[in-house]
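Everything on this sheet refers to the single structure shown next.
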Amino acid sequence: MSASSSAPLRVALLGCGVVGSSVARLLVEHSGDLAARIGAPFELVGIAVRRLGRDRSDVPVDPSLFTTDAAALVSRADIVVEVIGGIEPTRDLLLSAMASGASVVSANKALLAEDGPTLYAASDRHGVDLYYEAAVAGAIPILRPIRDSLAGDRITKVIGIVNGTTNFVLDKMDSTGAGFAETVEVAQSLGYAEADPTADVEGFDAAAKAAILASLAFHTRVDIHQVHREGITEVTAADIAAADEMGAVVKLLAICERVSRPEGEAVSVRVHPAMIPRTHPLGSVRDAFNAVFVEADAAGELMFYGRGAGGDPTASAILGDVVEVARHRVNGGRGAGESAYADLPVLPMGAASTRYHISLDVADRPGVLAAVAATFAEHDVSIETVRQRPGAPGESGDDEAAGATLVVVTHRAPDAALSATVEALGALDTVREVVSVMRVEGE
């Protein structure tokens, strides 16, 4: 599909919140440069909003462009930019846009992770583009390098910090020693966390992004329901301190791995907090920044770092996609569609290979360490290190009731075996409490 270089490309914008306002402003401010890069000017034909009448004086466009009729708007555009989020009515609007011949640029991670194949099928059927660089890491260019720059390579692992809110919270817990709840309040006061931070702190946001990353990296359809998800609400100041003792820091990680098995390759996709060495490139990612670490056979290790959210950073990624799809309309051709030829099985969490850091409150008497070690051996889990330090006395206060803390770090093992080991440890009469369990990555 092509267009004359003198004919303007009609752009419809769905949503005018923080990101949408930035997109509209940058389209206007950079209109001359964008036209020169593409070979044709843009014409913003409308901005769909939920309510008219709100003060939008900060958006430098004709007020008559605002409309509540999104369905009519998408039918008269060449490019539809979607930043409203959610599943419905967004899915129907995008499908309608593509049926009308419009290419789509979206930042909707939830919809893409939930039903990306339906959108891809529609883009193929109608011969239009579907781009969504801004859906995963804001301004950080990560999807295009995975899809295009590394198309001739074999990606083996993608591990990332893809949620700025949780990284801010964990970073401040690490630097100040504060607890989870009070740090979330700080994040909310600074605008890094929503009034209801559930999507971020429970890992839903990161899980959607992990599904998108894994789908692209491993040419396999992965939806959000196949991603193991744990949030950071159970991370304590003691966990942060324990990580520091071993030269590590706690991060919420999205981990996508290609797994080699005797019966063939598979994919493991998971989101959970983990200890990672401070010396690892991801260990130094501070504040609300995002970073994605990619490992590939030929390229080796690659690191992508930057602002993962915010109006202007996200708008930057969106406009990059807009320029790309606009060039296709001017010069002919289309971008890459869905690549799911590998169709690898997605493993359950129990089959994932990982390591554990386990803190045990045990009775301080002979034979305890032997019993603990035997429990690990029974589940075929190898111990890497064990540290013991005196604990608090028991409730009676006598020496016989005194306790100790055992800190065990394991070698890699199936997560199911490690989980079963922890359960068995909790049943030992010499173990007073399994104080904390956290996975260890990056070594």
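Quick notes
- The lone exception for L111 - which of (1) within 24 Å of V83 (Cα to Cα); (2) of a type outside the set (K, R); (3) assigned by TED's automatic domain parsing to the domain that holds T233; (4) without any contact (Cβ under 8 Å) to a residue 60 or more places away in the chain it fails: (3)
Yes/no matrix, rows are residues, columns are (1) of a type in the set (S, T, N, Q); (2) closer than 19 Å to V227 by Cα:
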residue: L95; (1), (2): no, no
residue: A102; (1), (2): no, no
residue: S123; (1), (2): yes, no
residue: S149; (1), (2): yes, no
residue: K157; (1), (2): no, yes
residue: V162; (1), (2): no, yes
residue: M173; (1), (2): no, no
residue: V186; (1), (2): no, no
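- Count of region 53-78 residues, restricted to those that are assigned to a helix (DSSP H, G or I) and among the small types (G, A, S), is 4.
- Meets criteria (farther than 26 Å from V346 by Cβ and either among the polar types (S, T, N, Q) or not assigned by TED's automatic domain parsing to the domain that holds V407 (or both)) for V222: no
- Looking across region 130-149, the residues that are surrounded by fewer than 24 Cβ atoms within 10 Å (Cβ to Cβ), out of contact with any Leu (no Cβ under 8 Å at 6 or more places or on another chain) and either of a type outside the set (D, E) or farther than 21 Å from E295 by Cα (or both) come down to A139, P141, R144, S149.
- Of E29, E82, E88, all but one fail to be farther than 29 Å from S215 by Cβ and in the same structural domain as H126 (by TED's automatic domain parsing); the exception is E29.
- The condition (being touching a residue at least 40 places away in the same chain (Cβ under 8 Å) and farther than 30 Å from T430 by Cα) is satisfied by just one residue among F293, F376: F293.
One line per residue, one yes/no per condition, for (1) more than 16 Å from V158 (Cα to Cα); (2) crowded, with 20+ Cβ neighbours inside 10 Å; (3) touching a Gly at 6+ places or on another chain (Cβ under 7 Å); (4) outside the structural domain of V18 (by TED's automatic domain parsing):
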position: A193; (1), (2), (3), (4): yes, yes, no, yes
position: A199; (1), (2), (3), (4): yes, no, no, yes
position: A210; (1), (2), (3), (4): no, yes, no, yes
position: I240; (1), (2), (3), (4): yes, yes, no, yes
position: K251; (1), (2), (3), (4): no, yes, no, yes
position: V259; (1), (2), (3), (4): no, no, no, yes
position: V267; (1), (2), (3), (4): no, yes, no, yes
position: T279; (1), (2), (3), (4): yes, no, no, yes
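- With respect to being modelled with pLDDT of 95 or more, β-branched (V, I, T), more than 33 Å from the chain's Cα centre (by Cα) and not assigned by TED's automatic domain parsing to the domain that holds D244, V381 falls outside the description.
- When region 179-224 is filtered for residues that are on the phi > 0 side of the Ramachandran plot and modelled with pLDDT of 95 or more, the ones remaining, listed by number, are G203, H219.
- Condition check for H357: in contact (Cβ under 8 Å) with a residue 60 or more places away in the chain, within 30 Å of A241 (Cα to Cα), of a type outside the set (K, R) and outside the structural domain of I224 (by TED's automatic domain parsing): yes
- Single residue of V407, V440, V431 found to be touching a helix residue (DSSP H, G or I) at 6+ places or on another chain (Cβ under 6 Å), under 29 Å from L252 (Cα atoms) and either crowded, with 17+ Cβ neighbours inside 10 Å or modelled with pLDDT under 95 (or both): V431
- Considering region 243-265, the residues that are hydrophobic (A, V, I, L, M, F, W, C) and in contact with a Ser or Thr (Cβ under 6 Å, 6 or more places away or on another chain) include one that is farthest from A291 (Cα to Cα), namely V259.
- The lone criterion from (1) farther than 28 Å from A416 by Cβ; (2) acidic (D, E); (3) surrounded by fewer than 20 Cβ atoms within 10 Å (Cβ to Cβ) left unmet by D171 is number (3).
- Take the conditions (1) in a loop (DSSP other than H, G, I, E, B); (2) surrounded by 13 or more Cβ atoms within 10 Å (Cβ to Cβ); S22 misses just one of them, which is (1).
- Qualifying strands (runs of 3 or more DSSP E) (wholly inside region 277-394; at least 1 residues being hydrophobic (A, V, I, L, M, F, W, C) and in contact with a Phe, Trp or Tyr (Cβ under 9 Å, 6 or more places away or on another chain)): 289-296, 300-307, 383-390
- R307 being modelled with pLDDT of 95 or more, basic (K, R), in contact with a helix residue (DSSP H, G or I) (Cβ under 7 Å, 6 or more places away or on another chain) and surrounded by fewer than 21 Cβ atoms within 10 Å (Cβ to Cβ): no
The values are calculated or read from the model by the stated rules, or taken from the named source; none is laboratory data. What you are looking at is a predicted structure, and each value in this text was computed from that prediction instead of being measured. Using ideal geometry, Cβ is built from the backbone for each residue, glycine included, and neighbour counts are taken over all protein chains shown.
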